[in-house]
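**Q** Once you've had a glance at the structure underneath, I'll fire off some questions.
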Amino acid sequence: MPAALPKPEVLAVPASVVYSEELETNKQPRRTVTLEDWKIGVFTSVDAGLGVDLNVAHELGIPTIQIHAPHQGNRTQETADEILARLSQFGISVTAVFGGFEGESYADIPTVVNTVGLMPLETRNSRLAEMKEISDFAKMIGCNVIALHLGFVPHDKQDPGYAEILSVTQELCDYAKDNGQALHLETGQETAPALLEFIADSQRDNLFVNFDPANMILYGAGNPIEAVSLLGDKIRSVHCKDAKWAANPGEEWGEETMLGDGEVGMDDYLRALQSIGYRGPLTIEREIPQEPARQKEEIGHAVQLLNRLKKEIL
Ligand code: MG
């Protein structure tokens, strides 16, 4: 629908990015996506973050989860063993462990800039140390992907902050690699071209994207369907989340909605993922933990929607 289309300047892609060597490497032979792929997933929490409890995943019969890392202090072998026991009982596998930190707030865009991820200077070192702990915790539960919101990376590459966050990301990538893991950056704050340049600049082969189409809309960072095509093989995990554009994208928040009620266009989204040969899980994210009954109901609705679309598309 027309309302879903961002302003043309948001879609504009510098020629240097479109024709870069980086994108050439995304043009891998297309693999056929089958019904065995695209396992349904849900974003969960143990004691921190905005996800649902593992029990909800179990009750809805969802086979995969991403999990928000437990609070600092609970990233222990004991906690890992408890989680592993529940997952084994439920027959659920973990596809990514998300880092998150005390003090982060997604209240509005300026607050995100000041509080989220590894960008805020005053907490950068302590949070980097925490991400290393989270990498170790992910290893304890046998997960080879860690992920996070980096925060707002400076758009101007001459800004000293750009080199600083690049250096921090490289350090984290190297730590994760030693643990046999990839690092996935949650999309939203950056446009797809900016994210591709950042990944290329990192010169790390274990840095990829966790694509969240709703965040592209919420933050006003570009048309999510276009972004899927542009990011291509860099997309190694995804969120299925929906949202409506703000009146002034990039200045104010869009509005998160139930899956299918927003302006992503789930059919278009899944077809775009099919076209890039994405075969990983479809992880539902619905960030309304303050309303757990509604959260569970809407995740159940999302499962039905995704299963129906899978059958139609694949
Ligand atoms: Mg997300």
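The values are calculated or read from the model by the stated rules, or taken from the named source; none is laboratory data. Just so we're clear, the structure is a prediction, and the values are computed from it rather than from any experiment. Neighbour counts are summed over all protein chains in view; Cβ atoms, including those assigned to glycine, are modelled from backbone coordinates with ideal geometry.
**Q** Out of T191, T169, I need the residue that is within 30 Å of L84 (Cβ to Cβ) and of a type in the set (V, I, T). Which one?
**A** T169
**Q** Now for a different question. Could you pull out the residue among T191, T169, T187 that is at negative phi, of a type in the set (V, I, T), touching a residue at least 60 places away in the same chain (Cβ under 8 Å) and buried (at least 20 other Cβ atoms within 10 Å of the Cβ)?
**A** Working: T169 fails: touching a residue at least 60 places away in the same chain (Cβ under 8 Å); T187 fails: touching a residue at least 60 places away in the same chain (Cβ under 8 Å).
Unique residue meeting the criteria: T191.
**Q** Report whether or not G222 is within 16 Å of the ligand (Cβ to nearest atom), farther than 25 Å from I67 by Cα and within 17 Å of the chain's Cα centre (by Cα).
**A** When the stated conditions are applied, G222 passes them.
**Q** Restricting attention to the stretch 282-301, which residues are farther than 18 Å from G49 by Cβ and modelled with pLDDT of 95 or more?
**A** Scanning the stretch 282-301 gives L282, E297, G300, H301.
Conditions tested, residue by residue: (1) modelled with pLDDT under 95; (2) in a loop (DSSP other than H, G, I, E, B); (3) not aromatic (F, W, Y).
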position: V17; (1), (2), (3): yes, no, yes
position: R30; (1), (2), (3): yes, yes, yes
position: V33; (1), (2), (3): yes, yes, yes
position: F43; (1), (2), (3): no, no, no
position: A48; (1), (2), (3): yes, yes, yes
position: G61; (1), (2), (3): no, yes, yes
position: G73; (1), (2), (3): yes, yes, yes
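**Q** If you don't mind, there's one more thing I want to ask. For K234, only one of the following conditions fails: (1) within 15 Å of the ligand (Cβ to nearest atom); (2) touching a residue at least 40 places away in the same chain (Cβ under 8 Å). What is its number?
**A** Failing condition for K234: (1).
**Q** A follow-up question, please. Take the residues in the stretch 256-296 that are within 15 Å of the ligand (Cβ to nearest atom) and of a type in the set (D, E, K, R), then tell me which one is farthest from the chain's Cα centre (by Cα).
**A** That would be E256.
**Q** On the given criteria, is V52 within 16 Å of the ligand (Cβ to nearest atom), within 20 Å of N215 (Cα to Cα) and modelled with pLDDT of 95 or more?
**A** No.
**Q** Looking at the structure I just gave you, is D242 without any contact (Cβ under 8 Å) to a residue 60 or more places away in the chain, among the acidic types (D, E) and either touching an Asp or Glu at 6+ places or on another chain (Cβ under 8 Å) or crowded, with 18+ Cβ neighbours inside 10 Å (or both)?
**A** Spelling it out, D242 is indeed without any contact (Cβ under 8 Å) to a residue 60 or more places away in the chain, among the acidic types (D, E) and either touching an Asp or Glu at 6+ places or on another chain (Cβ under 8 Å) or crowded, with 18+ Cβ neighbours inside 10 Å (or both).
**Q** Another one. Sort out which residues of the stretch 196-236 are farther than 21 Å from F152 by Cβ and not charged (D, E, K, R), and write them in order of number.
**A** Q203, N206, I225, V228, S229, G232
**Q** Another question, then. I want to confirm something. Restricting to the stretch 90-103 and keeping residues that are touching a residue at least 24 places away in the same chain (Cβ under 8 Å) and not in a strand (DSSP E or B), which single residue is surrounded by the most Cβ atoms within 10 Å (Cβ to Cβ)?
**A** That would be G99.
**Q** With the stretch 225-314 as the region, which strands (runs of 3 or more DSSP E) entirely inside it contain at least 2 residues that are touching a Cys at 6+ places or on another chain (Cβ under 9 Å)?
**A** On the way: elements: 235-240, 242-244, 255-257, 282-284.
Ranges flagged: 282-284.
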